[in-house]
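*Asks:* Before we start, here is the structure in question, set down as structure tokens.
The values are calculated or read from the model by the stated rules, or taken from the named source; none is laboratory data. Because the structure is predicted, anything quoted here is derived from the model rather than measured. No Cβ is skipped: glycine too gets one built from the backbone with ideal geometry, and neighbour counts run over all protein chains shown. Accessible surface is based on the protein model in full, side chains and every heavy atom, while ligands, DNA and RNA are left aside. Shrake-Rupley method; radii C 1.70, N 1.55, O 1.52, S 1.80 Å.
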Amino acid sequence: MQRRAPELPALSDDCANCAALCCVAYPFDADEDFGLLKRADTPCPNLSDSCFDCTIHKDLIPRGFGGCVAYSCAGAGQRVTQQLFEGENWREDPDLLEHMTYALRVLRPIHEALLLLKQAQQIRVPQSVADQGAALMAALCPQDAKSIYDFEDYEVQDALADVPAYLQSLAPFV
């Protein structure tokens with residue numbers, strides 16, 4: 001029985017539909033391509049007070065924020081904001097901050113894995129190997145996912161853990 005391909009979420013950034021979760025969720029280390037030291041779950045001081053825009057976006061590299069330029073959430077930020085939290089955000093409801101940032105930290109690796117698996121589909125491989133990749137993608141896309149718990153399910157997390165070995169198995173075909 002052939003499994004139907006899952007409907008993939010958007011796997012590219014859409015900052016206009018996010019609540020600047022990357023500017024809040026992750027810690028910054030001034031020694032690692034960030035211009036300052038910042039704790040996780042703390043808004044970056046360069047984040048606008050009135051919206052979710054970066055006040056130094058045009059000057060990120062000269063100011064030492066190359067890490068911000070290199071970062072991609074692979075679409076996880078807008079998915080957390082728009083789907084899991086239905087457009088609500090931590091500015092309007094500060095109690096959501098840690099819930100939203102936690103959700104980003106769970107969903108981002110899943111989105112990155114989906115992006116890699118999607119790119120891997122371009123490699124000519126035997127059908128059995130392609131089926132393995134499709135099964136991983138399906139497991140990473142739980143149907144009717146409404147909360148972060150759907151992505152913490154053991155099947156999703158086991159599939160996520162299996163992605164690196166699967167990608168390594170593609171080396172002979174490249």
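*Asks:* Expressed as an acute angle from 0 to 90° and rounded to the nearest 10, what is the orientation of the C-alpha long axis of helix 127-139 relative to the principal long axis of the chain?
*Replies:* 40 degrees
*Asks:* Give me the number: length gained by fully extending residue 5 to residue 51, i.e. 0.36 nm times residue separation minus the C-alpha to C-alpha distance, one decimal in nm.
*Replies:* On the way: separation 46, 0.36 × 46 = 16.56 nm, distance 3.74 nm.
Using 0.36 nm per residue and subtracting the Cα-Cα distance, I get 12.8 nm.
*Asks:* Give me the lysines in straight-line cross-link reach of residue 38: C-alpha distance below 27 Å, same-chain residues under 8 apart excluded.
*Replies:* Qualifying lysines at Cα under 27 Å: 58.
*Asks:* Right, here's the next one. Among 21, 97, 37, which one shows the biggest mean-square fluctuation in a GNM of the chain, springs joining Cα atoms closer than 10 Å?
*Replies:* Fluctuation is largest for 37.
*Asks:* Next up: Angle between the Cα long axis of helix 154-169 and the longest principal axis of the chain, 0 to 90 degrees, nearest 10?
*Replies:* Rounded to the nearest ten degrees, it is 70.
*Asks:* Given a 1.4 angstrom probe, I'd like the percentage of the accessible area of region 43-170 that is carbon and sulfur, rounded to a whole number.
*Replies:* On the way: 3570 of 7250 Å².
It is 49 percent, rounded to a whole number.
*Asks:* Can you find, among 19, 147, 132, the residue sitting farthest towards the positive end of the charge dipole of the chain, where Lys and Arg contribute +1 and Asp and Glu -1 at Cβ?
*Replies:* Of the listed residues, the answer is 132.
*Asks:* So the label point goes 7 Å from the Cα of residue 147 along Cα→C-beta, right? Which residues of region 74-117 then have their backbone N under 14 Å from it?
*Replies:* 84-86, 99-100, 103, by backbone N distance to the label point.
*Asks:* So for 152, 98, 88, 7, what's the accessible-area order with a 1.4 Å probe, most first? Write out the running numbers ahead of the final one.
*Replies:* Details: 152 60, 98 120, 88 90, 7 165 Å².
From most exposed to least exposed: 7, 98, 88, 152.
*Asks:* Just how much of residue 128 is accessible, in Å², when a 1.4 Å probe is used and the result is rounded to the nearest 10?
*Replies:* Near enough 80 Å² of accessible area.
*Asks:* Using a Gaussian network for the chain with springs between C-alpha atoms less than 10 Å apart, which of these wobbles most: 124, 79, 108?
*Replies:* Highest fluctuation among the options: 124.
*Asks:* Tell me, which cysteines of the chain are without a disulfide-compatible partner by the Cβ under 4.7 Å rule?
*Replies:* By the Cβ distance rule, which asks for a partner under 4.7 Å, the isolated cysteines are 15, 18, 22, 51, 54, 68, 73, 141.
*Asks:* Please compute the per residue accessible area over region 12-118 with all protein chains in place, 1.4 Å probe, rounded to a whole number of Å².
*Replies:* Values: 5740 Å² over 107 residues.
Using a 1.4 Å probe on heavy atoms only, each residue of region 12-118 averages 54 Å².
*Asks:* May I ask you to rank 50, 147 by accessible area, largest first, using a 1.4 Å probe over the protein chains only?
*Replies:* Working: 50 105, 147 40 Å².
Reading off the accessible areas and sorting them downward yields 50, 147.
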